[in-house]
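Here's the structure we're looking at; comments come further down.
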Amino acid sequence: MTRLLHFALPLLFAVFVGFSYHYDWFYALDLLLYDEAQKSLEIDPPDDIVVITIDEQSLQSLGRWPWSRRVHAELLDVLTEAQVKAIVFDIIFAEADTNDPESDARFAQALENNARTLLPLHIEPLRYKGQLLEIHPFPKLAQSTAATGHAHLDCDYDGVCRSVHLHVGLEQARLPHLALSLYQLIGESHLEIPGRRSANHAKGSPFQIYQDYHNFIPFSANENLLQKASYVDVLTGQIPKSFFQDKIIFIGATNPGLDDILVTPVGRIPGVEIHAQIYNALRNNSFISSPERYLIILLLVPLVFACLFGFTFLSPFQLLLANAATAFLLLKLAQLSIVKWHFWLPVAPVVVTIICFYPLWNWFRLEMALRYLKRALAKSHDEASLFQSSTQGGARSPDKSDSISRFSVDIVGKTLDKLARTNRDVDYSRQLIRVSLSELQDAVGIFNHEGELILLNKKFELFFPDWHEQDNQGGSSAKTLKTLSNLDEQIALDEHRSWKRYIDQLVQHGEAFEVEATAQYEQRAILLHARSVSLHDKQHEQLLNDIIVLSITDLSLVKERERSRVETFNFISHDLRSPLISILALIEKLRPSEIPINSTVQKTIDDIEVYVKTNLNYTESLLQLGKAENIPSSAFHFCDLHAIADDALIQVHTLANTKSIKVMTNKEDCDIWAWGDGDLLTRALVNLLSNAIKYSPAQTQVKLSLKRIQTQARFCIEDQGYGIASEDIPKLFQRFKRGEQGHGESGAGLGLYFVKTVAEKHKGKVGVLSSSEQGSVFELSLPLYDLPTDA
């Protein structure tokens, strides 16, 4: 057995390494190690490459982007006079300027005058059909430029740019990269294109991008690797033309707002600088290469097997040192190969395998040692028993062997005492479990994996008295054979829920559940929680059948207290409303009266009316909030969200007219249904619209939109109001909390808390995007409910 493990376990780990490389199980870890190594890479700054940056200074001086092509023509003229070696634009010129055709002609003439300017092309899908197209510069510029090249960069699944394909294209990888086109245009020397070749070189589909000559880009953490000059400084002559003589110029955006900055292993770098570094690596033949996957497998799998096979003959301490040293050396070797030789060898699968081998091999050795000790202990126990039986005969004359006999008997006695103590501990633990189970506040029933009852406590018997019977002596209860399935006879669920489905999911798939129900006995409200628990044998080797634990909590008292609280709340709210309504009635009755009222009294009456109406609104808000917090899901129904939006618009129509605010709507032309309470959803939407109107200046607009977004229905309320300060947003949806800047509007701080409560009751959410004096956008998202269609 031991000899087999010496061979089998290293072989198993070596095969694991092979599969890890084949299926890229540790590719993310390899990329992390690669990125860390890149940060140590040192690259000599090129003295003949200059990046002209479209930065914030240039945008402020020359105006918003895009600029007129006359500006680019003027820059080209400056660079042509400076006798630069070549110019590369990292700016797409896909369409002619229909507003200023003369600017295109001016730019084309500047391109012809220079004769060493490159323009980029790119591949993009059509907006609606998804077909891929190669987007070249428009014909006038394409005829005037010296060469073109693609500007595509490869980003891995984590969004980090690490590599580039020097050839890409539709049907066939035939379009060179900007850096490659530049190198061929300058023609300094013959170049054999570097990089890993694609397996397919024949023409393919015109709807698919094909790539060839894959290379990893060497990045430098030095931010001053490339010489840079601001676009506006070059254009206005702030930099002498002699600085650019015989230089290679790259022109592109570095301002974050122009969205041409990519994440690299050493940080965020503008795309134009990445293209410049690609050209620098191309001409210096310093791309980072990586071997083919099958070569890595053929090389490393035998080495891993040999290394681990040698590890099996080391002591635990020696194995620990060898394991740590090997993993460390592999990591340093991978780093040095990138930094010194520009060669990347992914070692993460090997390192992980070597690290995992140490505890697993020691576990095997420990298991074998334990088995040996158990056999030795059993043998010693047998020998001690035989020795004890042999000494139970007649008396013997003592000799020097008595000390050995007493010693052996002491060992047996201690072992037996230890076993007896262990049995007592087990009995104590078993009794402790039974007592603890019986004293729990909740009812607990334990079932086997087939749903048959194994154990229950007294509380469980109180809920289901039919599930136990007294034995013949009238002693403790003896459990009858009951199952989870026929518990359905003892409880009542909501009409939309099936006890059988819950049990099937639990028994077959181990899915825990928690559901409210009513016990048939005494009609108590209960909460049932069931889950599957795994059991193992004493050696933790063989997984035994799972057990199911069902706990039941009595909700009767909680429900009664909640019902009492709601009734008290409604009673108080009603008592608040009645006198307020009476006051309003008296005020209305007084208005047509012929009794002369001076202006001061009239103002007092008007103020009383305002305060009464405000308090009525507060009371109504409390009532609606109480309904939202306590409404059961059984009261929900199908809700047409289009109708809810229309109803809400009608309710806020008068309020909007008083401020001359126009309420715009934008609803998708499709059925949008939700499962919930229509009145609460309408009230929540009215609250959002009312807030948008109240906190907006007069003669502005409020926009209400309703859209389907995957499995969600989303209301969006956008206003042109005062906005919300950033420090007020976190407390916006809290009870009785309002922003510091109320803009003269009164409120109790319950409106948005009510909206949040309604959203959460409907398993949705509410959010806000806003800043001070910039308006606000509130979003209310609800789960869609697709109505079943007849076949």
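Worth pointing out:
- Computed from backbone phi with θ = phi - 60° and the Karplus coefficients 6.51, -1.76 and 1.60, the 3J(HN,Hα) list for region 645-656 is 4, 4, 4, 5, 5, 4, 5, 9, 4, 5, 4, 5 Hz; x is used for glycine and proline.
- Take each peptide in 104-114, 40-50, count the other Cβ atoms within 10 Å of every residue, and average; sorted highest first, the result is 104-114, 40-50.
- From phi via Karplus (6.51, -1.76, 1.60), per-residue ³J(HN,Hα) for region 209-226 in Hz, x at Gly/Pro: 8, 10, 10, 8, 6, 7, 9, 8, 8, x, 9, 10, 6, 6, 5, 9, 4, 10
- Counting every C-alpha pair in region 1-89, the share spaced more than 16 angstrom apart comes to 76%.
- Approximate spin-label separation W363-A322, in nm, with each point projected 7 Å along Cα-to-Cβ: 2.1 nm
- ³J(HN,Hα) computed for each position of region 155-167 - Karplus, 6.51 cos²θ - 1.76 cosθ + 1.60, integer Hz, glycine/proline x: 10, 6, 4, 8, x, 9, 7, 10, 8, 8, 9, 6, 10
- Computed from the Cβ-Cβ distance with R0 of 22 Å, the FRET efficiency linking H22 to S289 stands at 0.65.
- Between the amide H of S290 and those of W344, distances stay under 5 Å, these residues lying 5 or more places away or on another chain, with hydrogens modeled in the peptide plane.
- Sorted from greatest to least, the principal axis extents spanned by the alpha carbons of region 52-184 come out as 41, 35, 31 Å.
- Relative contact order of region 49-283, pairs being alpha-carbon contacts under 8 Å that are 6 or more residues apart, as %: 30 percent
- The packing ranking, built from the mean of other Cβ atoms within 10 Å per residue, places the peptides 65-73, 176-184, 354-362, 312-320 in the order 176-184, 65-73, 354-362, 312-320, highest first.
- Cβ-Cβ distance of K332 and D259, R₀ of 30 Å, FRET efficiency by 1/(1 + (r/R0)^6): the value works out to about 0.20.
- The modelled label-to-label distance for the pair D154/L299, using points 7 Å beyond Cα in the direction of Cβ, is 1.8 nm.
- S564-S772 FRET efficiency (beta carbon distance; Förster radius 51 Å; 0.05 resolution): 0.70
- Put simply, the C-alpha atoms of region 180-307 give a gyration tensor, and the ellipsoid matching it has half-axes of 36, 19, 17 Å, longest first.
- Alpha-carbon centroid distance for the pair region 629-697 / region 38-76, whole angstrom: 51 Å
- Label separation (S40 vs D669): 6.4 nm, computed from points 7 Å beyond Cα along the C-beta direction.
- The mean sequence separation of alpha-carbon pairs under 8 Å and at least six residues apart, normalised by the residue count of region 235-336, gives a relative contact order of 12 percent.
- Net length available on complete extension from D646 to F138 is 178.0 nm, with 0.36 nm assigned per residue and the Cα-Cα distance removed.
- Whole-Å distance, taken between Cα centres, linking region 237-252 and region 93-123: 20 Å
- Computed extension length for L12-Q602: 202.9 nm, one decimal, from 0.36 nm per residue of separation with the Cα-Cα distance subtracted.
- Using C-alpha pairs below 8 Å separated by at least 6 residues, the relative contact order for region 635-791 is 25 percent.
- Relative frequency of Cα-Cα separations exceeding 24 Å in region 49-283, percent: 45 percent
- Report note on the peptides 653-662, 216-225: ranked by the mean count of other C-beta atoms within 10 Å, highest first, their order is 216-225, 653-662.
- Taking amide hydrogens as placed 1.01 Å from N in the peptide plane, the amide H of L750 sits under 5 Å from those of F736, each at least 5 positions away in sequence or on another chain.
- C-alpha center-to-center spacing [region 156-207, region 9-37] in angstrom: 28 Å
Each reported figure results from applying straightforward, stated rules to the coordinates on display, with no laboratory input. No experiment lies behind these values; they were computed from the predicted model shown. Methodologically, a virtual Cβ is constructed for each residue, glycine included, from the backbone with ideal geometry; neighbour enumeration extends over all protein chains shown.
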